[in-house]
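Report on the structure given below.
The values are calculated or read from the model by the stated rules, or taken from the named source; none is laboratory data. Bear in mind that the values here come from a model prediction, so they are computed numbers and not experimental data. Note that we place each Cβ from the backbone using ideal geometry, even for glycine, and neighbour counts take in every protein chain shown. For the accessible areas, the whole protein counts, side chains as well, though only heavy atoms, and no ligand, DNA or RNA atoms are used. Shrake-Rupley method; radii C 1.70, N 1.55, O 1.52, S 1.80 Å.
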Amino acid sequence: SESLAEARHLFAKEGNQVWIACTDLEMATLLLHQGQFERSLATAQTCSTIFQSHSLPFRKAQSHLIAARAAAALGRYDEALHLVDDALAVGKSKDVPSLTYQARHLLGGLAEAEGSFQDALTEYERAITELERLRGRLMVEFRADFLEDKEVVYEDIVRLCLDAGRPLPALEYAERAKSRALPDLLAYRLDLSVRAREIADQPLVDELMRLRAERDKVYRRWESNPDSEERGWTTSEGYLHRAQQNVLTLERQITELWHRLLIHNADYAREAALWTVRTEPVQPYLTPDTLLVEYFSVREKFLVFLVSREKVQMQYLDSDISQIRDLLRLLWLNLRVVPKAGQRQVSGLAANAHGIFRQLHALLFAPFEASLVPYEKLIIVPHGPLHYLPFHALHDGSAFVLERYEISYLPG
(Lines give C-alpha, C1' and ligand atoms only; values in the text may rest on other atoms or scores of the structure.)
Protein backbone atom coordinates (compact mmCIF):
# COMPACT_ATOMS: atom_id res chain seq x y z
CA SER A 1 0.00 0.00 0.00
CA GLU A 2 2.93 2.35 0.67
CA SER A 3 4.24 1.81 -2.86
CA LEU A 4 0.79 2.52 -4.30
CA ALA A 5 0.52 5.69 -2.22
CA GLU A 6 3.93 6.81 -3.48
CA ALA A 7 2.96 6.11 -7.10
CA ARG A 8 -0.31 7.97 -6.64
CA HIS A 9 1.56 10.99 -5.26
CA LEU A 10 3.87 11.06 -8.31
CA PHE A 11 0.97 10.83 -10.76
CA ALA A 12 -0.90 13.53 -8.84
CA LYS A 13 2.11 15.87 -9.17
CA GLU A 14 1.91 15.39 -12.94
CA GLY A 15 -1.85 15.85 -12.97
CA ASN A 16 -2.27 12.49 -14.68
CA GLN A 17 -5.84 11.56 -13.72
CA VAL A 18 -5.85 8.30 -15.68
CA TRP A 19 -2.85 6.84 -13.88
CA ILE A 20 -4.12 8.10 -10.54
CA ALA A 21 -7.25 6.05 -11.21
CA CYS A 22 -5.15 3.05 -12.29
CA THR A 23 -3.26 3.24 -9.00
CA ASP A 24 -6.49 3.58 -7.06
CA LEU A 25 -7.86 0.51 -8.84
CA GLU A 26 -4.85 -1.47 -7.66
CA MET A 27 -5.63 -0.21 -4.16
CA ALA A 28 -9.25 -1.32 -4.58
CA THR A 29 -7.98 -4.80 -5.44
CA LEU A 30 -5.75 -4.81 -2.37
CA LEU A 31 -8.65 -3.71 -0.16
CA LEU A 32 -10.75 -6.52 -1.63
CA HIS A 33 -8.14 -9.11 -0.66
CA GLN A 34 -7.93 -7.56 2.80
CA GLY A 35 -11.67 -7.97 3.31
CA GLN A 36 -12.40 -4.21 3.29
CA PHE A 37 -15.27 -4.63 0.88
CA GLU A 38 -17.05 -1.30 1.38
CA ARG A 39 -13.87 0.70 0.75
CA SER A 40 -12.96 -1.50 -2.20
CA LEU A 41 -16.38 -1.01 -3.76
CA ALA A 42 -16.36 2.76 -3.31
CA THR A 43 -12.80 3.10 -4.66
CA ALA A 44 -13.50 0.95 -7.72
CA GLN A 45 -16.68 2.91 -8.51
CA THR A 46 -14.77 6.20 -8.33
CA CYS A 47 -12.17 4.77 -10.73
CA SER A 48 -14.96 3.71 -13.08
CA THR A 49 -16.26 7.29 -13.23
CA ILE A 50 -12.80 8.62 -14.12
CA PHE A 51 -12.24 6.00 -16.81
CA GLN A 52 -15.68 6.77 -18.22
CA SER A 53 -14.84 10.47 -18.47
CA HIS A 54 -11.64 9.63 -20.38
CA SER A 55 -13.42 7.18 -22.73
CA LEU A 56 -11.50 4.14 -21.49
CA PRO A 57 -14.06 1.32 -21.66
CA PHE A 58 -11.63 -1.52 -20.92
CA ARG A 59 -10.36 0.16 -17.74
CA LYS A 60 -13.93 0.93 -16.76
CA ALA A 61 -14.83 -2.73 -17.23
CA GLN A 62 -11.91 -3.74 -15.00
CA SER A 63 -13.19 -1.35 -12.35
CA HIS A 64 -16.65 -2.92 -12.58
CA LEU A 65 -15.22 -6.40 -12.06
CA ILE A 66 -13.46 -5.33 -8.86
CA ALA A 67 -16.57 -3.48 -7.68
CA ALA A 68 -18.71 -6.53 -8.49
CA ARG A 69 -16.51 -8.81 -6.39
CA ALA A 70 -16.77 -6.40 -3.48
CA ALA A 71 -20.54 -6.06 -3.87
CA ALA A 72 -20.93 -9.85 -4.01
CA ALA A 73 -18.86 -10.22 -0.85
CA LEU A 74 -21.28 -7.79 0.82
CA GLY A 75 -24.26 -9.87 -0.33
CA ARG A 76 -25.45 -7.15 -2.73
CA TYR A 77 -26.00 -9.56 -5.60
CA ASP A 78 -28.25 -7.38 -7.78
CA GLU A 79 -25.68 -4.59 -7.75
CA ALA A 80 -22.89 -7.06 -8.51
CA LEU A 81 -24.87 -8.56 -11.39
CA HIS A 82 -25.40 -5.14 -12.97
CA LEU A 83 -21.67 -4.35 -12.73
CA VAL A 84 -20.65 -7.71 -14.21
CA ASP A 85 -23.10 -7.37 -17.09
CA ASP A 86 -21.54 -4.02 -18.00
CA ALA A 87 -18.04 -5.53 -17.92
CA LEU A 88 -19.17 -8.53 -19.97
CA ALA A 89 -20.67 -6.25 -22.63
CA VAL A 90 -17.29 -4.55 -23.07
CA GLY A 91 -15.45 -7.87 -23.21
CA LYS A 92 -17.79 -9.22 -25.86
CA SER A 93 -17.81 -6.06 -27.98
CA LYS A 94 -14.01 -5.78 -27.88
CA ASP A 95 -13.48 -9.57 -28.09
CA VAL A 96 -11.16 -9.69 -25.08
CA PRO A 97 -11.23 -13.24 -23.61
CA SER A 98 -9.19 -12.19 -20.57
CA LEU A 99 -12.10 -9.89 -19.64
CA THR A 100 -15.02 -12.11 -20.62
CA TYR A 101 -13.72 -15.16 -18.76
CA GLN A 102 -13.51 -13.14 -15.53
CA ALA A 103 -17.03 -11.82 -16.04
CA ARG A 104 -18.42 -15.29 -16.75
CA HIS A 105 -16.64 -16.66 -13.68
CA LEU A 106 -18.21 -13.96 -11.53
CA LEU A 107 -21.65 -14.63 -13.00
CA GLY A 108 -21.22 -18.28 -12.09
CA GLY A 109 -20.35 -17.36 -8.52
CA LEU A 110 -23.40 -15.10 -8.27
CA ALA A 111 -25.68 -17.82 -9.62
CA GLU A 112 -24.21 -20.32 -7.15
CA ALA A 113 -24.69 -17.89 -4.26
CA GLU A 114 -28.36 -17.63 -5.16
CA GLY A 115 -28.76 -21.41 -5.34
CA SER A 116 -29.04 -21.80 -9.11
CA PHE A 117 -26.87 -24.84 -9.87
CA GLN A 118 -27.56 -25.05 -13.60
CA ASP A 119 -26.98 -21.34 -14.23
CA ALA A 120 -23.75 -21.49 -12.23
CA LEU A 121 -22.56 -24.53 -14.16
CA THR A 122 -23.37 -22.85 -17.49
CA GLU A 123 -21.45 -19.68 -16.59
CA TYR A 124 -18.44 -21.60 -15.26
CA GLU A 125 -18.38 -23.62 -18.49
CA ARG A 126 -18.50 -20.41 -20.53
CA ALA A 127 -15.68 -18.95 -18.43
CA ILE A 128 -13.53 -22.01 -19.11
CA THR A 129 -14.33 -21.81 -22.82
CA GLU A 130 -13.13 -18.20 -22.89
CA LEU A 131 -10.03 -19.04 -20.85
CA GLU A 132 -9.09 -21.91 -23.14
CA ARG A 133 -9.80 -19.75 -26.18
CA LEU A 134 -7.37 -17.20 -24.76
CA ARG A 135 -4.77 -19.92 -24.18
CA GLY A 136 -5.40 -21.42 -27.60
CA ARG A 137 -4.79 -18.04 -29.21
CA LEU A 138 -1.36 -17.98 -27.59
CA MET A 139 0.48 -21.26 -28.11
CA VAL A 140 2.72 -20.44 -25.15
CA GLU A 141 1.87 -17.94 -22.42
CA PHE A 142 5.08 -16.62 -20.89
CA ARG A 143 3.61 -14.13 -18.42
CA ALA A 144 4.65 -15.00 -14.90
CA ASP A 145 1.26 -14.01 -13.46
CA PHE A 146 -0.82 -15.90 -16.02
CA LEU A 147 -1.14 -19.01 -13.83
CA GLU A 148 -1.94 -17.23 -10.60
CA ASP A 149 -5.73 -17.03 -10.72
CA LYS A 150 -6.62 -19.19 -13.73
CA GLU A 151 -6.99 -22.43 -11.73
CA VAL A 152 -9.80 -20.99 -9.61
CA VAL A 153 -12.53 -21.31 -12.23
CA TYR A 154 -11.65 -24.99 -12.70
CA GLU A 155 -11.68 -25.50 -8.95
CA ASP A 156 -15.09 -23.88 -8.69
CA ILE A 157 -16.69 -26.02 -11.38
CA VAL A 158 -15.12 -29.19 -9.93
CA ARG A 159 -16.45 -28.29 -6.49
CA LEU A 160 -19.90 -27.46 -7.90
CA CYS A 161 -20.11 -30.81 -9.72
CA LEU A 162 -19.03 -32.69 -6.63
CA ASP A 163 -21.53 -30.90 -4.40
CA ALA A 164 -24.22 -31.92 -6.90
CA GLY A 165 -23.09 -35.57 -6.77
CA ARG A 166 -21.60 -35.58 -10.28
CA PRO A 167 -18.06 -36.96 -9.90
CA LEU A 168 -17.52 -37.89 -13.57
CA PRO A 169 -17.85 -34.35 -15.02
CA ALA A 170 -15.85 -33.12 -12.01
CA LEU A 171 -13.04 -35.48 -13.02
CA GLU A 172 -13.22 -34.26 -16.60
CA TYR A 173 -12.82 -30.63 -15.54
CA ALA A 174 -9.98 -31.56 -13.18
CA GLU A 175 -8.25 -33.17 -16.15
CA ARG A 176 -8.83 -30.10 -18.30
CA ALA A 177 -7.13 -28.03 -15.62
CA LYS A 178 -4.20 -30.44 -15.49
CA SER A 179 -3.84 -30.76 -19.26
CA ARG A 180 -2.20 -27.34 -19.48
CA ALA A 181 1.10 -29.19 -19.30
CA LEU A 182 3.41 -26.56 -20.74
CA PRO A 183 2.25 -23.53 -18.69
CA ASP A 184 2.43 -25.63 -15.51
CA LEU A 185 5.94 -26.78 -16.34
CA LEU A 186 6.97 -23.24 -17.20
CA ALA A 187 5.81 -22.21 -13.71
CA TYR A 188 8.47 -24.58 -12.34
CA ARG A 189 11.10 -22.92 -14.56
CA LEU A 190 11.66 -25.93 -16.83
CA ASP A 191 13.11 -25.27 -20.27
CA LEU A 192 10.78 -26.61 -22.97
CA SER A 193 11.98 -24.49 -25.85
CA VAL A 194 12.07 -25.97 -29.31
CA ARG A 195 15.38 -27.49 -30.40
CA ALA A 196 16.39 -28.15 -33.98
CA ARG A 197 16.45 -31.85 -34.87
CA GLU A 198 18.78 -31.20 -37.80
CA ILE A 199 21.28 -28.46 -38.62
CA ALA A 200 19.24 -27.45 -41.67
CA ASP A 201 16.23 -26.78 -39.40
CA GLN A 202 18.06 -24.28 -37.17
CA PRO A 203 17.09 -21.13 -39.16
CA LEU A 204 13.41 -22.16 -39.03
CA VAL A 205 13.61 -22.85 -35.29
CA ASP A 206 15.35 -19.51 -34.65
CA GLU A 207 12.66 -17.66 -36.60
CA LEU A 208 9.92 -19.57 -34.74
CA MET A 209 11.38 -18.55 -31.38
CA ARG A 210 11.69 -14.94 -32.54
CA LEU A 211 8.04 -14.88 -33.65
CA ARG A 212 6.90 -16.42 -30.38
CA ALA A 213 8.78 -13.79 -28.38
CA GLU A 214 7.35 -10.98 -30.53
CA ARG A 215 3.82 -12.43 -30.25
CA ASP A 216 4.04 -12.59 -26.45
CA LYS A 217 5.39 -9.03 -26.27
CA VAL A 218 2.50 -7.74 -28.36
CA TYR A 219 0.02 -9.64 -26.25
CA ARG A 220 1.45 -8.29 -22.99
CA ARG A 221 0.91 -4.75 -24.27
CA TRP A 222 -2.55 -5.69 -25.52
CA GLU A 223 -3.79 -7.16 -22.23
CA SER A 224 -2.07 -4.77 -19.84
CA ASN A 225 -2.85 -1.44 -21.48
CA PRO A 226 -5.27 -1.77 -24.41
CA ASP A 227 -7.05 1.55 -24.18
CA SER A 228 -4.43 4.23 -23.62
CA GLU A 229 -1.42 5.69 -25.35
CA GLU A 230 2.04 5.06 -23.94
CA ARG A 231 1.82 7.91 -21.44
CA GLY A 232 -1.72 7.07 -20.40
CA TRP A 233 -3.08 10.53 -21.10
CA THR A 234 -5.40 9.91 -24.01
CA THR A 235 -7.56 7.22 -25.54
CA SER A 236 -6.33 5.04 -28.40
CA GLU A 237 -9.51 3.56 -29.86
CA GLY A 238 -7.65 1.59 -32.53
CA TYR A 239 -5.05 0.10 -30.20
CA LEU A 240 -6.96 -3.06 -29.31
CA HIS A 241 -7.85 -3.80 -32.92
CA ARG A 242 -4.26 -3.29 -34.09
CA ALA A 243 -2.91 -5.50 -31.29
CA GLN A 244 -5.39 -8.25 -32.12
CA GLN A 245 -4.47 -8.14 -35.77
CA ASN A 246 -0.76 -8.24 -34.94
CA VAL A 247 -1.24 -11.27 -32.70
CA LEU A 248 -3.29 -13.10 -35.31
CA THR A 249 -0.74 -12.30 -38.04
CA LEU A 250 2.08 -13.61 -35.87
CA GLU A 251 0.06 -16.74 -35.05
CA ARG A 252 -0.42 -17.43 -38.76
CA GLN A 253 3.31 -17.07 -39.34
CA ILE A 254 4.06 -19.38 -36.39
CA THR A 255 1.62 -21.98 -37.71
CA GLU A 256 3.19 -21.84 -41.16
CA LEU A 257 6.66 -22.40 -39.68
CA TRP A 258 5.39 -25.34 -37.64
CA HIS A 259 3.99 -26.94 -40.77
CA ARG A 260 7.33 -26.54 -42.51
CA LEU A 261 9.17 -28.10 -39.54
CA LEU A 262 6.72 -30.99 -39.38
CA ILE A 263 7.33 -31.75 -43.03
CA HIS A 264 11.05 -32.05 -42.22
CA ASN A 265 10.60 -34.14 -39.07
CA ALA A 266 7.41 -35.40 -37.41
CA ASP A 267 9.11 -35.35 -33.98
CA TYR A 268 8.40 -31.63 -33.78
CA ALA A 269 4.78 -32.61 -33.12
CA ARG A 270 5.83 -33.47 -29.55
CA GLU A 271 6.40 -29.81 -28.72
CA ALA A 272 3.15 -28.79 -30.40
CA ALA A 273 1.22 -31.42 -28.41
CA LEU A 274 2.39 -29.86 -25.15
CA TRP A 275 0.57 -26.67 -26.07
CA THR A 276 -2.83 -28.30 -26.58
CA VAL A 277 -5.55 -28.54 -23.94
CA ARG A 278 -7.09 -31.97 -24.32
CA THR A 279 -8.53 -34.82 -22.26
CA GLU A 280 -9.81 -38.29 -22.95
CA PRO A 281 -11.74 -40.85 -20.87
CA VAL A 282 -9.58 -43.23 -18.83
CA GLN A 283 -12.05 -45.90 -17.72
CA PRO A 284 -12.01 -47.97 -20.94
CA TYR A 285 -8.24 -48.44 -20.49
CA LEU A 286 -8.36 -49.74 -16.91
CA THR A 287 -8.18 -53.45 -16.18
CA PRO A 288 -10.50 -54.95 -13.51
CA ASP A 289 -7.64 -55.16 -10.99
CA THR A 290 -6.54 -51.54 -11.49
CA LEU A 291 -7.65 -48.38 -9.70
CA LEU A 292 -6.67 -44.88 -10.80
CA VAL A 293 -6.10 -42.56 -7.84
CA GLU A 294 -6.19 -38.94 -9.00
CA TYR A 295 -5.56 -35.98 -6.71
CA PHE A 296 -6.81 -32.44 -7.26
CA SER A 297 -6.76 -29.31 -5.11
CA VAL A 298 -9.73 -27.03 -4.48
CA ARG A 299 -9.22 -23.87 -2.44
CA GLU A 300 -6.10 -25.15 -0.65
CA LYS A 301 -7.65 -28.55 0.13
CA PHE A 302 -6.96 -31.84 -1.60
CA LEU A 303 -9.60 -34.20 -2.87
CA VAL A 304 -9.12 -37.57 -4.53
CA PHE A 305 -10.92 -39.32 -7.40
CA LEU A 306 -11.00 -43.12 -7.26
CA VAL A 307 -11.59 -44.36 -10.79
CA SER A 308 -12.21 -47.98 -11.66
CA ARG A 309 -13.45 -49.56 -14.86
CA GLU A 310 -17.01 -49.45 -13.49
CA LYS A 311 -17.34 -46.20 -11.54
CA VAL A 312 -15.89 -42.88 -10.40
CA GLN A 313 -15.87 -41.98 -6.70
CA MET A 314 -14.62 -38.86 -4.95
CA GLN A 315 -13.55 -38.04 -1.42
CA TYR A 316 -12.41 -34.82 0.20
CA LEU A 317 -9.26 -34.99 2.32
CA ASP A 318 -8.78 -32.97 5.48
CA SER A 319 -5.19 -32.01 4.78
CA ASP A 320 -4.28 -28.45 3.79
CA ILE A 321 -1.90 -28.01 0.88
CA SER A 322 0.36 -25.91 3.11
CA GLN A 323 0.60 -28.81 5.56
CA ILE A 324 1.60 -31.19 2.76
CA ARG A 325 4.16 -28.72 1.41
CA ASP A 326 5.74 -28.41 4.85
CA LEU A 327 6.06 -32.18 5.18
CA LEU A 328 7.52 -32.48 1.68
CA ARG A 329 10.03 -29.75 2.48
CA LEU A 330 11.12 -31.63 5.60
CA LEU A 331 11.32 -34.90 3.66
CA TRP A 332 13.56 -33.57 0.91
CA LEU A 333 15.69 -31.65 3.39
CA ASN A 334 16.15 -34.91 5.27
CA LEU A 335 17.04 -36.84 2.10
CA ARG A 336 19.53 -34.23 0.89
CA VAL A 337 21.47 -34.55 4.14
CA VAL A 338 21.95 -38.32 3.76
CA PRO A 339 24.87 -38.31 1.25
CA LYS A 340 26.91 -36.08 3.58
CA ALA A 341 25.94 -37.86 6.78
CA GLY A 342 28.11 -40.25 8.76
CA GLN A 343 27.06 -43.83 9.39
CA ARG A 344 25.82 -43.02 12.89
CA GLN A 345 23.59 -40.22 11.57
CA VAL A 346 22.01 -42.25 8.78
CA SER A 347 19.86 -44.37 11.10
CA GLY A 348 18.41 -41.23 12.68
CA LEU A 349 17.72 -39.69 9.27
CA ALA A 350 16.04 -42.94 8.15
CA ALA A 351 13.81 -42.83 11.22
CA ASN A 352 12.90 -39.21 10.44
CA ALA A 353 12.01 -40.14 6.85
CA HIS A 354 9.86 -43.04 8.02
CA GLY A 355 8.03 -40.70 10.37
CA ILE A 356 7.31 -38.22 7.60
CA PHE A 357 6.13 -40.99 5.27
CA ARG A 358 3.76 -42.20 7.98
CA GLN A 359 2.32 -38.70 8.40
CA LEU A 360 1.85 -38.32 4.65
CA HIS A 361 0.21 -41.74 4.47
CA ALA A 362 -2.24 -40.75 7.19
CA LEU A 363 -3.16 -37.54 5.33
CA LEU A 364 -3.16 -38.68 1.71
CA PHE A 365 -3.80 -42.42 1.68
CA ALA A 366 -5.37 -43.73 4.86
CA PRO A 367 -8.74 -41.88 4.46
CA PHE A 368 -9.71 -44.04 1.46
CA GLU A 369 -7.56 -47.13 2.01
CA ALA A 370 -10.60 -49.36 2.54
CA SER A 371 -11.65 -48.65 -1.06
CA LEU A 372 -8.34 -50.02 -2.35
CA VAL A 373 -8.80 -53.55 -1.03
CA PRO A 374 -10.20 -55.13 -4.26
CA TYR A 375 -7.31 -53.85 -6.39
CA GLU A 376 -3.76 -55.05 -7.00
CA LYS A 377 -2.54 -52.16 -9.17
CA LEU A 378 -2.74 -48.43 -8.47
CA ILE A 379 -2.13 -45.66 -10.99
CA ILE A 380 -1.32 -42.46 -9.11
CA VAL A 381 -2.08 -39.11 -10.76
CA PRO A 382 -0.59 -36.37 -8.53
CA HIS A 383 -1.39 -32.68 -8.53
CA GLY A 384 0.69 -29.64 -7.59
CA PRO A 385 3.31 -30.42 -4.93
CA LEU A 386 2.31 -34.10 -4.92
CA HIS A 387 4.32 -34.55 -8.13
CA TYR A 388 7.36 -34.48 -5.82
CA LEU A 389 6.09 -37.21 -3.49
CA PRO A 390 7.14 -40.88 -3.96
CA PHE A 391 3.77 -42.43 -3.11
CA HIS A 392 5.20 -45.96 -3.24
CA ALA A 393 7.30 -45.08 -0.17
CA LEU A 394 4.33 -44.06 2.00
CA HIS A 395 4.24 -46.18 5.15
CA ASP A 396 1.25 -47.22 7.26
CA GLY A 397 3.34 -48.25 10.27
CA SER A 398 3.77 -51.85 9.19
CA ALA A 399 4.41 -51.80 5.42
CA PHE A 400 5.21 -49.55 2.50
CA VAL A 401 2.51 -48.92 -0.10
CA LEU A 402 4.76 -50.61 -2.68
CA GLU A 403 4.64 -53.81 -0.62
CA ARG A 404 0.84 -53.94 -0.93
CA TYR A 405 0.25 -52.67 -4.49
CA GLU A 406 1.89 -52.43 -7.87
CA ILE A 407 2.37 -48.66 -8.32
CA SER A 408 2.64 -46.60 -11.51
CA TYR A 409 2.27 -42.89 -12.22
CA LEU A 410 0.67 -40.60 -14.78
CA PRO A 411 0.91 -36.78 -14.96
CA GLY A 412 -2.76 -36.64 -16.00
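Quick notes
- Contact map, segment 181-208: first residue at pLDDT 50 or above, second residue of a type in the set (D, E) and surrounded by 10 or more Cβ atoms within 10 Å (Cβ to Cβ), Cβ cut-off under 6 Å, separation 6 or more or different chains; pairs are V194/E271; R197/D267.
- For segment 387-412, the candidate set comprises residues that are of a type in the set (D, E, K, R) and touching a Lys or Arg at 6+ places or on another chain (Cβ under 8 Å); within that set, the residue that is nearest to K377 (Cα to Cα) is E406.
- Some residue of segment 346-353 being in contact with a strand residue (DSSP E or B) (Cβ under 8 Å, 6 or more places away or on another chain) and more than 24 Å from T290 (Cβ to Cβ): no
- Residues in segment 89-119 that are assigned to a helix (DSSP H, G or I) and among the acidic types (D, E): E112, D119.
- Which numbered condition R404 misses (of (1) open to solvent by less than 70 Å² (accessible area, probe 1.4 Å); (2) at pLDDT 90 or above; (3) over 24 Å from the mean Cα position of the chain (by Cα)): (1)
- The residue list K13, K60 contains one member that is in contact (Cβ under 8 Å) with a residue 12 or more places away in the chain, part of a helix (DSSP H, G or I) and open to solvent by 20 Å² or more (accessible area, probe 1.4 Å), which is K60.
- Given (1) farther than 20 Å from Q34 by Cβ; (2) open to solvent by less than 10 Å² (accessible area, probe 1.4 Å), index of the condition E114 fails: (2)
- Segment 36-45 - residue that is in contact (Cβ under 8 Å) with a residue 24 or more places away in the chain and open to solvent by 40 Å² or more (accessible area, probe 1.4 Å) and, of those, farthest from I66 (Cα to Cα): E38
- Within segment 70-88, residues that are in a helix (DSSP H, G or I) and at pLDDT 95 or above sit with their Cβ atoms under 6 Å from residues that are surrounded by 16 or more Cβ atoms within 10 Å (Cβ to Cβ) and among the polar types (S, T, N, Q), at 6+ positions apart or across chains, in these pairs: A70/S40.
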